[in-house]
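One structure is given below, encoded as structure tokens.
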Amino acid sequence: MESVDFTGGLEQAWASFITFVPKLLLAAIVLVVGYFIAKLLCKGLDALLERVGFDRLVERGGVKRALSRTRYDASDLLSKVLFYTVILLTLQFAFGIFGPNPVSDLLSSLIAFLPNLFVAVLIVIVASAVAAAVKDILAATMAGLTYGRLLSNLAAIAIVITGIFAALNQINIAPAIVNGLFYATLAVVAGSAIVAIGGGGIVPMRARWERALDRIEREAPRVSERLREAPDRTRERAETWKEEARTIPRPQDERTFTE
């Protein structure tokens, strides 16, 4: 009958414990320091975006309406992405203290994804702001034309759709499907035009083009007048935006984040 070496087992367990405790303490220190660094960077980015008027810039793009049911604005959203990126980096470093492990591999994948998410969110926000600005400028420039509102809406929709596809492509969500959907949308538009014009629609389209050309000819003087007035209208619109931006209450520089 073999004897059990209790003494050797206890010594081995004690040695493992002595080796593990310093690693655990070091990991805890890394987590605490990383958390405060993440908070500091988060507040710093949020304060910087608030100072440069980032929220007021993107409010016109519908971002404020999209975030109205949350307690975050656009600068908060980007700051939170940065915060959790730093937290994940901290967790990866802390778990790496214990040696190679599956958790570190998972965190590495998440960390590689978050910068792309940050850029994708920024693309959508900027595209929405640009779309709103283009829509307002075109609407003000072509206010007296019957098709001015339609053109401004179509331009804004095209910019937003392009921004959404660019954001999806940035985060690599089924890129083959996203690219295929984008090209399919273009094909549907082009195909519909070809079928409408070529599939027995040449005569009706000719009549429509004649009416459209007559309409353009009738409105040519008004278009010329609107183009001459465009700089003044654009300047007035810019002044209106400035006044609206001044009336928006500035949020407090210090914010409380509940993680």
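Laboratory data are not the source of any read-out in this text; all were calculated from the coordinates shown. A quick note: this is a predicted structure, and the numbers were derived from the prediction, not measured. Because the Cβ atoms are built from the backbone with ideal geometry, glycine has one as well, and the counts that use them run over all protein chains shown.
Remarks
- Estimated vicinal HN-Hα couplings, Hz - segment 28-39 in sequence order (Karplus 6.51, -1.76, 1.60; Gly, Pro = x): 5, 5, 4, 5, 5, 5, x, 4, 5, 5, 4, 4
- Using the average count of surrounding beta-carbon atoms within 10 Å as a protection proxy, the listed peptides 124-134, 159-169 rank, highest first, as 124-134, 159-169.
- Going from the residue with the fewest nearby Cβ atoms within 10 Å to the one with the most, K80, K135 rank K80, K135.
- For segment 157-173, backbone phi angles converted through the Karplus equation (6.51, -1.76, 1.60; θ = phi - 60°) give residue-by-residue couplings of 4, 4, 5, 5, 4, 4, x, 5, 5, 5, 5, 4, 5, 5, 8, 6, 8 Hz, Gly and Pro being listed as x.
- Relative packing of 81-94, 38-51, which averages over residues the other C-beta atoms within 10 Å, highest first: 81-94, 38-51
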